[in-house]
Amino acid sequence: MSGRPIDTQAGAGFRVDGRFFRAPGGDKHFVKGVTYGPFTVGSHGAPFPEAAMVARDFALMKTAGINTVRVFTVPPVWLLDAAEEAGLKVLAGLPWSQHTAFLATPASRQKVRDTVVEGVRACKRHPAIFAYLIGNEIPPDMVRWHGAPAVRRLLKELHALVKAEHPGALVSYANFPSTEYLVVDFTDFLCFNVYLHDEHAFRRYVSRLHNIAFDKPLVLTEFGGDSMHAGEAHQAGLLSWQVEAAFSTGVAGTFIFAWTDEWFTGGHPIEDWAFGLVDKDREPKPAFHEVARAYTGHIPPPAPRMPRVSVVVCAYNAESTIDQCLASLEHLNYPDYEVIVVNDGSEDGTEAIAERYPYCRIISQENKGLSVARNVGAEAATGEIVAYTDSDCVADPDWLDFLVGTMERGGLVACGGPNFPPPENSLVPAAVAVSPGGPCHVLLDDQIAEHIAGCNMAFRRDVLLGLGGFDPTFRAAGDDVDICWRLQDAGYAIGFSAAAMVWHFRRNTVGAYIGQQRGYGKAEALVYARHPARFNAFGQAMWSGRIYGDLSSALLLGSKSRVYSGVFGRGLFQSLYEKPGSLAQYLPMTFEWGIVALALALVGLVNGGGWLLLTLPLLLTWAICIVGAARAKIDPRFSGVKARALVAMLIYLGPLLRGYERLKWRIRLLRAAPAVPDAGPRPPLSWTERGFVLSYWSEQGDEKETLLGGVMAVGQAHGYAAAMDSGWGGWDVTLSRGLFDRARILVAAENHGGVKRLYRLRCMPVPSGLARAGLALLAIAALLLATGNMLAGAAFAISGAAAAVGIGWQMHEFSLRMRRLIDRAAGEANLTPLDVPGRPPMATGAPRTA
């Protein structure tokens, strides 16, 4: 494909290219396979049919569109020759004693190694080899007996041994749901054997496997149905939707079990199952014709409906990448689409490069920011669906097929996919590409997203425009987070297609990375102003789902996964459960922690006494950075100490840069917000009420939501962040402004007959979590230092007391501002205040309150 960001190594053999394979020469390659065997030993001494029958089988396979054969035993060279002559490739199994305690002794372990090496050598690096499997369905009892880490280490050894014997060959391991927790992320692609006969369950589980595979191809190495007990018609129908479901969800290959009903295991023929596409005499069953129809048809299968799509590329000074971007979009396989390039005031050669592609429609404007550019593209679109990618992205040829297919099959209004950094050619770009803070997706489950990255997202145009499009506030980042949350607030679900992939060039210098993180910090402050309830006390987004495509999970403090194994380890689906990270786990990687840790370390070094204790917070953060860098998936060509040290440094700098910018812009936004005008006398604070109480009278029949909605609207108009209670708290609305001010508001409505209502409102100012944490840290530091240096301890104690007084005064002033804000909201709702000195007389019929 023209414009691809990586070298396909034409002629070198099959290669992994993100979620898919590339054949020699560079064409995208879907594996359309069938299992073959095991068989009884033939006259040639190998567990395969006679050579004439093998040739006949291979020729018939070719007519069905099959291009790869999976064998469970080491294939002899003559069989590989026959496959090559028939135009087939072979997925070669390397069997060993995996059903016994293979790690019990050093000798048994060595025997496994020797068996695998001998199997690879027997294949003589034959050109018919597609890949090797270093194992198949190790029983859960054996994995539990030896422990998953020990089994993983063995498989990793075997993987390396195969690579050494056959350089450049692809290697994987055929796993199954009973040992899903056995993580083999070092293989070239992920293989799973899946037998699920319910289509909904099948699709959901394949989606789960896609997320386990993450940035590698997923191949279903076994699935099928028995025609003996269920009937040949049922088997045909089952395989028809299984193949369609597999490829429509984005698998890179499938292997149907099995080619023929002739099947031996343990030296005995299997007579009570009939999983073959052909019978023992090689007569095709109805399933053969269904599979042939699917394998010879279009892959991925077309969606039920293929509406017109408008692809919008927003570009600003993108001359270094837009050529590859537009070249890739020119060769999409989707039948009906247009490409709109919105040139947002570029001052380089972006527009001239875009003009080289006549198929593009170019809209040039002065620089107005990313969100405005996205809206211009959506308004100009002629498609029912608007898909966005960035000017520094390269799209997979089937990108739109998977996005639209997911939307159409799921009845969704929005969908996104993953973005992967292309391989870099030097150390610094390779290290920067895997450092945290890049665009990533957040999934609520395996099919529904909470957030999709702006470089890979699609929307139904009418819904997008109905929401008002993208918020122009976001000029460079944050627009995707805002629109995703607005969609969900409006009741829509966002789909995710793991196969709808784009290559996304990351910032390839340290300076560019620093600039990106600062930009994200500003965006977080802007998003916070729109969605305060979705952020924690440190201004960080509180995601409900799991973040993919980032080092975040590797940086969690004390994070442990749990394995569901079932009673006695007999669960058919033994999954790995990863608990979501808590604020405490993320705390050492926050901006606030980093500043306090640096201050404490500096005091410890200057003071001398207690320096080790005072430097522990900083050392903890550095340790997490080092562990994260060790787990980063750096290109093996550059994964030495220098690259990992650079990643560790960027992990440390990222939160500091983002936090600083986030704090700076939140302060700017607060200063820019208009003040609430004084509405009159101010009630005293009541310690018993933990704040103050106001009462309002209405004869309009309104419910309390009118008052609460007015308070939130007036607050947001004056720069306050407003958040409704989730249903788990003891208050109705929280208003906040600044880093330390919080107020909880509770309203009770009294019904006085007919349309008469009395609203009692309690406003309770509370210190923020950040304020409490700061005071606690100062108190701890004072206690620690008091034991070794009274002068330093006294200084910290005085600082803590001063901070407490300052926070108290700020809370007092905040409560007065809240009083004015609430009165303003009540006035706009035509509510009458009661029993406040200096107020006008009560409305007729209004009760007098204490």
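The values are calculated or read from the model by the stated rules, or taken from the named source; none is laboratory data. Being a predicted model, the structure only gives us computed values, none of them experimental. FYI the Cβ positions are ideal-geometry reconstructions off the backbone, even for glycines, and counts take in every protein chain you see. The area values use the complete protein model at the heavy-atom level, side chains included, leaving out ligands, DNA and RNA. Shrake-Rupley method; radii C 1.70, N 1.55, O 1.52, S 1.80 Å.
Length gained on full extension, residue 364 to residue 23, computed as 0.36 nm times the residue gap minus the Cα-Cα distance: 118.8 nm.
At 1.4 Å probe size, put 17, 336, 27 in order of accessible surface, largest to smallest.
Numbers: 17 5, 336 55, 27 110 Å².
Final ranking, largest accessible area leading: 27, 336, 17.
Taking 0.36 nm per residue of sequence separation and subtracting the Cα-Cα distance, how much length would be gained by fully extending the chain between residue 426 and residue 150, in nm to one decimal?
In short, 96.0 nm is gained.
Taking the 1.4 Å solvent-accessible surface of segment 226-320 as the whole, the part contributed by carbon and sulfur is 55%.
Exposure check, 1.4 Å probe, all protein chains in place: residue 126 carries approximately 20 Å² of accessible surface.
At 1.4 Å probe size, with every protein chain present, just tell me what the per residue accessible area of segment 30-165 comes to in Å². If you can, show how the numbers build up before the last one.
Values: 5510 Å² over 136 residues.
For segment 30-165, the solvent-accessible area averages 41 Å² per residue.
With R₀ set to 45 Å, the beta-carbon distance separating residue 85 from residue 320 gives a calculated FRET efficiency near 0.45. Summed over the residues of segment 177-329 and divided among them, the accessible surface reaches 35 Å² per residue at a probe radius of 1.4 Å. Given R0 = 30 Å, the distance between the Cβ atoms of residue 828 and residue 760 translates into a calculated FRET efficiency of 0.95.
Please list, in order, the residues from segment 165-198 whose amide nitrogen is less than 16 Å from a point placed 7 Å along the Cα→Cβ vector of residue 121. Under 16 Å, as judged by backbone N against the label point of residue 121, lie 165-167 of segment 165-198. For segment 97-132 and segment 133-147, what is the separation of their Cα centres, given in Å? Value for the Cα centre distance between the two parts: 15 Å.
Leaving ligands, DNA and RNA out of it, rank 196, 154, 598 by accessible area with a 1.4 Å probe, largest first.
Numbers: 196 30, 154 0, 598 75 Å².
Most to least solvent-accessible, the answer reads 598, 196, 154.
Spin-label model, residue 448/residue 55: points 7 Å from Cα along the beta carbon direction are separated by 5.8 nm.
Element breakdown for segment 49-206 at a 1.4 angstrom probe: carbon and sulfur atoms account for 59% of the accessible area.
My understanding is that a pair violates if its Cα-Cα distance is over 22 Å; which of 28/633; 704/756; 522/642; 89/216 do that in this structure?
On the way: 28/633 24 Å; 704/756 12 Å; 522/642 30 Å; 89/216 20 Å.
From the list (28/633; 704/756; 522/642; 89/216), the Cα-Cα distance tops 22 Å for 28/633; 522/642.
For residue 111, a cut-off of 23 angstrom between C-alpha atoms picks up these lysines, skipping any fewer than 8 places away in its own chain: 124, 156, 163. Once all protein chains are placed together, residue 702 keeps about 40 Å² accessible to a 1.4 angstrom probe. Label separation (residue 572 vs residue 384): 3.7 nm, computed from points 7 Å beyond Cα along the C-beta direction. Here residue 664 is the anchor, and the aspartates and glutamates within straight C-alpha reach of less than 12 Å, apart from those fewer than 8 places off in the same chain, are 524. At a Förster distance of 56 Å, what's the computed FRET efficiency of residue 279 paired with residue 544, Cβ-Cβ distance as r, to 0.05? The formula returns an efficiency of 0.60 here. The fraction of accessible area contributed by carbon and sulfur in segment 355-452 is 51 percent, rounded to a whole number (1.4 Å probe; ligands and nucleic acids excluded).
How much length is gained on full extension from residue 44 to residue 306, taking 0.36 nm per residue of separation minus their Cα-Cα distance? Intermediate values should be presented prior to the final figure.
Details: separation 262, 0.36 × 262 = 94.32 nm, distance 5.24 nm.
Roughly 89.1 nm would be gained on extension.
When the dipole is taken about the Cα centre of segment 289-383, and only Lys, Arg (+1) and Asp, Glu (-1) are charged at their Cβ, what size is it in debye, to the nearest 20?
So the magnitude is around 520 debye.
Approximating the spin labels as points 7 Å out from Cα along Cα→Cβ, the residue 813-to-residue 751 distance works out to 4.4 nm.
Packing around the peptides 217-229, 296-308, taken as the average count of other Cβ atoms within 10 Å per residue, puts them in this order, highest first: 217-229, 296-308.
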